[in-house]
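Colleague: If you scroll down you'll find the structure; I have some questions about it.
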Amino acid sequence: MSENKAFHEKFGYPFDLLSDPGKAMCIAYGAATAESEKAARISVLIGPDGKIVHKFDKVTPAEHPDEVLGLL
C-alpha cells in the first residue's frame, strides 16, 4: 500500500491525495528545487481560473484550515 493511500485511509479524507515523485509541481510552486530532498510544507490556494490566489509560505497544521477557510 502506498504511503498516500495509507494516510488517506487513516484520516478518512473525502478527496484524493496526489503524489509528485518527479517534483515537477513542487518546483513550479516554489516548494522545492531540483536539488531538494523534500518539499517545504507550503500551501497554494488556486482560483477557478487556475491562477494562484494566495501562497502560504509557512503552514502551521493546527491553524491552517481556518486560514484557508478565511480566504475562501
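Just so you know, all these numbers are worked out from the coordinates, no wet-lab data involved. Note that this is a predicted model, so its numbers are computed, not measured. We place every Cβ from the backbone using ideal geometry, glycine too, and count neighbours over all the protein chains shown.
Colleague: Normalising by the residue count of the chain, find the relative contact order in percent from Cα pairs under 8 Å and 6+ residues apart.
Modeller: 15
Colleague: For region 1-40, go through all pairs of different Cα atoms, get the mean of 1/r, take its inverse, and jot down that Kirkwood value in Å.
Modeller: Final number for the Kirkwood radius of region 1-40 is 11.4 Å.
Colleague: Still on this model: Please state the equivalent ellipsoid semi-axes for region 30-72: what are the square roots of 5 times the Cα gyration tensor eigenvalues, largest first, in whole Å?
Modeller: That gives 21, 15, 5 Å for the three semi-axes.
Colleague: Order of Asp49, Asp57, Asp20 from fewest to most other C-beta atoms within 10 Å?
Modeller: The order, fewest Cβ neighbours first, is Asp49, Asp57, Asp20.
Colleague: Out of every Cα-Cα pair in the chain, what percent are more than 16 Å apart?
Modeller: 62
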